[in-house]
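K.L.:
Dropping the structure in here first, questions after.
Computed from the coordinates by the stated procedures, all read-outs in this text should not be read as laboratory data. Keep in mind it's a predicted model, so treat the numbers as computed, not measured. Using ideal geometry, Cβ is built from the backbone for each residue, glycine included, and neighbour counts are taken over all protein chains shown.
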Amino acid sequence: MSALFPASPRGVGGLAAPRAGVPRRTGEVVAVKTISPAMRRIVFGGPEMEGFTSLAPDDHVKLFFDTPEGESVARDYTPRRFDAVRGELTIDFVLHRHAGPASAWAEAARIGQRLSIGGPRGSRPVPPTDRWLLIGDETALPSIARRLEELPLGTSVTAIIEIADEAAELPLSTPAGLHLLWRHRRAAAPGCTRLLDQAIESLDAPLLAGEIWIATEIDTARRLRSHLVEERQIPRARVHAAGYWRLGEAGAHARIEG
């Protein structure tokens with residue numbers, strides 16, 4: 001997860017609130033790299049990263065950002081990678097025009113800065129399957145990229161990803177057999193197109209035969225899951241959907257079930 005709009009604060013008014021049992025540590029910025037016009041990669045290290053673990057591409061950590069009002073807000077992000085030998089955590093941040101506290105921090109981040117990191121709280125195991133369909137937007141790219149890297153040889157995977165344009169595409173590597181479909185929304189705003197709907201509706205049945213993972217804007221994710229379950233008759237247990245943000249609403253995040 002990489003927040004496109006403010007996502008998942010916990011507490012009154014979007015302010016960060018402590019959560020029992022969730023480890024919290026301070027990470028120090030050790031590397032910063034702009035990997036596309038829409039995304040910045042920041043690596044955190046330091047002695048407090050010892051003992052950090054992230055076992056699944058669905059994991060998320062909470063990053064805590066100070067606001068101009070002197071308060072702290074939390075945002076959810078997917079650990080893009082954790083190097084246990086070096087004790088370094090990589091997070092990919094989506095950059096957007098109307099920067100909230102997380103995007104603004106990422107744009108200005110410099111080596112030596114520190115940030116409070118909470119979690120991950122726990123890991124969901126990846127279901128065993130030889131076929132995956134991955135569907136998402138920019139906010140899902142870190143999780144999709146990590147999942148692709150970790151899939152075993154012999155797996156077949158189709159990934160459908162909506163982004164702004166060709167400049168926002170990232171190289172994705174995997175030992176699996178990958179069929180990659182980028183969908184460019186051009187001048188349209190995030191969360192306002194039907195590009196993912198159209199792509200899914202055009203898929204042949206064999207591509208829907210394995211596990212399906214969706215992460216995008218909440219209403220879009222709910223609509224895509226409904227189409228797959230109700231119209232394409234995919235068993236609910238095989239369609240794993242989450243909304244990483246909601247159009248026009250700060251602090252939205254939801255696992256979509258039912």
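K.L.:
Largest first, please: the extent of the C-alpha atoms of the chain along each principal axis, to the nearest Å.
P.N.:
Sorted largest first, the three principal extents are 50, 39, 37 Å.
K.L.:
Taking a temperature of 37 °C and a viscosity of 0.692 mPa s, what whole-number D in µm²/s does Stokes-Einstein yield for the range 12-118 with Rh from Kirkwood over alpha carbon pairs?
P.N.:
Details: Rh = 14.2 Å.
In µm²/s, the coefficient rounds to 231.
K.L.:
Continuing with this model, one more query. With contacts defined as alpha carbon pairs under 8 Å and 6 or more residues apart, what's the relative contact order of the range 131-256 in percent?
P.N.:
On the way: 229 pairs, mean separation 31.3, N = 126.
Rounded, it is 25 percent for the range 131-256.
K.L.:
Just the Kirkwood number for the range 131-256, please: inverse of mean 1/r across all distinct Cα pairs, in Å, one decimal.
P.N.:
Values: mean 1/r = 0.0682 Å⁻¹.
Answer for the range 131-256: a Kirkwood hydrodynamic radius of 14.7 Å.
K.L.:
Here's a follow-up. Given only helices, namely DSSP H runs of n ≥ 4 each adding -39500 (n - 2.57), what is the per-residue ellipticity at 222 nm of the chain, to the nearest 500 deg cm²/dmol? Could the numbers behind the result be given before it?
P.N.:
On the way: 4 runs with 34 residues, N = 258.
It lands at -3500 deg cm²/dmol.
K.L.:
Tell me, in nm to one decimal, what length is gained between Glu149 and Glu249 on full extension, where the rule is 0.36 nm per residue of separation less the Cα-Cα distance? Walk me through the intermediate numbers first.
P.N.:
Working: separation 100, 0.36 × 100 = 36.00 nm, distance 3.21 nm.
Working it through step by step, the gained length comes to 32.8 nm.
K.L.:
Also: Can you tell me, using C-alpha contacts under 8 Å and at least 6 residues apart, the relative contact order of the chain as a whole percent? Numbers along the way, then the final one.
P.N.:
Details: 586 pairs, mean separation 54.3, N = 258.
Rounded, it is 21 percent for the chain.
K.L.:
What is the range 12-118's relative contact order, in percent, from Cα pairs under 8 angstrom and six or more apart in sequence?
P.N.:
Numbers: 204 pairs, mean separation 38.9, N = 107.
Dividing the mean separation by the residue count of the range 12-118 yields 36 percent.
K.L.:
For Lys33 paired with Glu169, estimate the spin-label separation in nm (one decimal), with each label point 7 Å from Cα along the Cα-to-Cβ line.
P.N.:
Here the modelled spin labels are 2.0 nm apart.
K.L.:
Mean-square fluctuation check for the chain, GNM, Cα pairs under 10 Å: which of Thr53, Thr158, Thr129 is largest?
P.N.:
Residue with maximal mean-square fluctuation among Thr53, Thr158, Thr129: Thr129.
K.L.:
Tell me, what HN-Hα J-couplings in whole Hz come from the Karplus equation 6.51 cos²θ - 1.76 cosθ + 1.60 at θ = phi - 60° for each residue of the range 169-182, using x for Gly and Pro?
P.N.:
Listing the rounded values in order: 5, 10, x, 10, 10, 6, x, 6, x, 10, 10, 10, 10, 8 Hz.
K.L.:
Which value, in debye to the nearest 20, gives the size of the charge dipole of the chain about its Cα centre, when Lys and Arg are +1 and Asp and Glu are -1 at the Cβ?
P.N.:
340 debye
K.L.:
Oh, and also: As a test of the definition: which semi-axes, in Å, follow for the range 123-174 when you take the square root of five times each eigenvalue of its alpha carbon gyration tensor? Largest first, please. Working shown, then result.
P.N.:
Numbers: eigenvalues 87, 27, 19 Å².
In descending order the semi-axes read 21, 12, 10 Å.
K.L.:
What ranking do 87-97, 213-223 get when scored by the average of other Cβ atoms within 10 Å per residue, highest first?
P.N.:
Numbers: 87-97: 20.8, 213-223: 23.1.
Listed from highest to lowest mean packing, they are 213-223, 87-97.
K.L.:
Using a Gaussian network model on the chain with a 10 Å cutoff between Cα atoms, which of Pro127, Pro206, Pro175 fluctuates the most?
P.N.:
Of Pro127, Pro206, Pro175, the Gaussian network model singles out Pro206 as fluctuating most.
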